[in-house]
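Structure, as structure tokens:
The values are calculated or read from the model by the stated rules, or taken from the named source; none is laboratory data. Note that the structure is predicted; figures quoted are calculated from it, not measured. For neighbour counting, all protein chains shown are included, and Cβ atoms are generated from backbone atoms with ideal geometry for every residue, glycine included. Calculation scope for accessible area: heavy atoms of the full protein, side chains included, ligands and nucleic acids excluded. Shrake-Rupley method; radii C 1.70, N 1.55, O 1.52, S 1.80 Å.
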Amino acid sequence: MPMNPSEESLARLGEKGVFQQPLHVGRPNIANRGRFLELVGQMLDRRWLSNHGPLVQEFEERIAAFLGVKHCICVCNATIGLEIAIRAAEFKGEVIVPSYTFIATAHALQWQQITPVFADMDPATHNLDPARIERHITPRTTAILGTHVWGRPCPVEALAEIAQRHGLKLMFDAAHAFGCSHRGRMIGGFGLAEVFSFHATKFLNSFEGGAVTTNDDALAAKIRLMANFGFSGYDNVIHLGTNGKMTEVCAAMGLTNLESLDELIATNWRNYQCYKKHLQGLPGLNAIQYDPKEKGNYQYVVVEVDPDRCPVSRDAMIEHLHHHQVLARKYFWPGCHRMEPYRTLQPEAWKTLPVTERLAARIMVLPTGTGVTMTDIADVCTIMKSAMNEAGKRPSGKRTEQHS
Ligand code: T4K
């Protein structure tokens, strides 16, 4: 007689229901080993390893064409890309950012003595809420820096309208959003510039890496200069700069993965749908939705744990999953404003961030990508169900949301 999925999972996972190997969020996608090694072989033969070599040039050209933007400048990682783009665009004073983002968004400003002013998020999109921005604008505000969280686009037009009305600049942290679109246009060409991450854990990875994309010729030239110490030809430095260059081996990895983009998306889409199917039977666990009319990379399977319907808190669920070797994450808990140095510098920031406070304590990110099979997903969901069943057996299984 066929077993039901739960019985099958338990049989597969052994008596204790624990994965043999940890299942990570952000396990790198490595598309085509043979192609990568071929490119690396060519690179070694050329003895050209860095400084805007042929692989980086090709990677930049292909990205610009794919995104439909005029300029793409590859960099060593998105954090440095953000720092350079922010400096090149001459942000100063205060810049409005979400608190619900990876800490690099805020650090890229603070690193340059610019104050990140945290604005609250829209619970429906997890992105900056345009209705909660203007209260933060002061005479010192120079820009808005939005993050396309999970690859779902910011409310670009509403932010542009606010920026224009107040004479502010607008830029996007697009670290999650490679291959995603907004109103039919690829993310990459919005605002003054957009910054992608190609970190190992990202949808498109180049080990470490990133890219700044823009349609602004002058800004592009300045960013390119700043990413290479300000050099203009041999022995001629014409601007303050840093070392933001991408290496050739990173570009080889990026190009390899770019060539397999459709397969990577298909795998993520399959996994996302599979999670949604299995989550249907689990009360209070709601996967975020992606707009079917837009292009997406589905790199993040993000689940909101509703404390009114789920018998287990987000933190207890994560603990249970980790115990079973499923290394789910709490991105982006507890919010940048509750991390240093912002917690000390802006101790009152939480008061204007009620949605961030509430949602950061409810969200968890589950493993996906090419290293995760549909069987794994069924097993992960069985493990989550077992947490709920165990909580149901305890006299007081439900735990409350907490902030440390
Ligand atoms: N803006 C936003 C909105 C971002 O999300 C990020 C980065 C940035 C800017 C800055 O981009 P980069 O400067 O990094 O290009 C990870 C990534 O390190 C970070 O890039 C990413 N966001 C963030 C969301 O996630 P951690 O601190 O969670 O990394 P870690 O070491 O815990 O690794 C995550 C998981 O991936 C672990 O379970 C282990 C697994 N993993 C990791 C690596 C590196 C692997 O299985 N293999 C690997 O090679 O930040």
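Given the DSSP H assignment, sum -39500 (n - 2.57) over each helix run of at least 4 residues in the chain and divide by its residue total; what's the result at 222 nm in deg cm²/dmol, nearest 500?
The per-residue figure over the chain is -11500 deg cm²/dmol.
How much FRET efficiency would the formula 1/(1 + (r/R0)^6) give for Asp217 and Gln113, where r is the Cβ-Cβ distance and R0 is 41 Å, rounded to 0.05?
The formula returns an efficiency of 0.90 here.
HN-Hα J couplings of the stretch 316-328 from phi, Karplus 6.51/-1.76/1.60, θ = phi - 60°, integer Hz, Gly and Pro as x?
Going residue by residue, I get 5, 5, 4, 4, 4, 4, 4, 4, 9, 6, 9, 8, 4 Hz, with x marking Gly and Pro.
Sort Val365, Val117 from largest to smallest accessible area, using a 1.4 Å probe on the heavy atoms of the protein chains.
Listed by decreasing accessible area, they come as Val117, Val365.
Work out, step by step, the length gained on full extension between Gln57 and Leu44: first 0.36 nm times the residue separation, then minus their alpha carbon distance; give nm to one decimal.
Full extension from Gln57 to Leu44 adds 3.0 nm.
Between Thr373 and Gln289, with labels modelled 7 Å along Cα→Cβ, what's the label distance in nm to one decimal, could you check?
Calculated label separation equals 3.3 nm.
Might you tell me the accessible area per residue for the chain, computed with a 1.4 Å probe and given in Å²?
Accessible surface, normalised per residue, equals 45 Å².
Report, in listed order, any pair from Lys351/Lys385; Lys277/Lys393; Lys293/Lys385; Lys245/Lys330 with a Cα-Cα distance greater than 27 Å.
As for pairs spanning more than 27 Å Cα to Cα, those are Lys351/Lys385; Lys293/Lys385; Lys245/Lys330.
With every protein chain in place, what's the accessible area of Arg185 (1.4 Å probe, Å², nearest 10)?
Probe radius 1.4 Å; accessible area of Arg185 about 120 Å².
How large a share of the accessible area of the chain, in percent, is made up of carbon and sulfur atoms when the probe is 1.4 Å and the other protein chains stay in place?
The C+S portion of the solvent-accessible surface of the chain is 54 percent.
With a 1.4 Å probe and all protein chains kept in place, how much accessible area does Asp217 have, in Å² rounded to the nearest 10?
80
May I ask for the angle, rounded to the nearest 10°, between helix 78-88 and the longest principal axis of the chain, with both axes built from Cα atoms and the value confined to 0 to 90°?
The helix 78-88 is inclined about 40 degrees to the chain.
If I ignore ligands, DNA and RNA and count only protein heavy atoms, how much of Thr352 is accessible to a 1.4 Å probe, in Å² to the nearest 10?
50
Under a Cβ-Cβ cut-off of 12 Å, what is the net charge of the residues other than Leu145 that fall near it, where Lys and Arg count +1 and Asp and Glu count -1?
-3
Can you return the aspartates and glutamates within cross-link range of Lys222? Criterion is Cα-Cα under 14 Å, with same-chain partners fewer than 8 residues away left out.
Those aspartates and glutamates meeting the cut-off are Glu83, Glu90.
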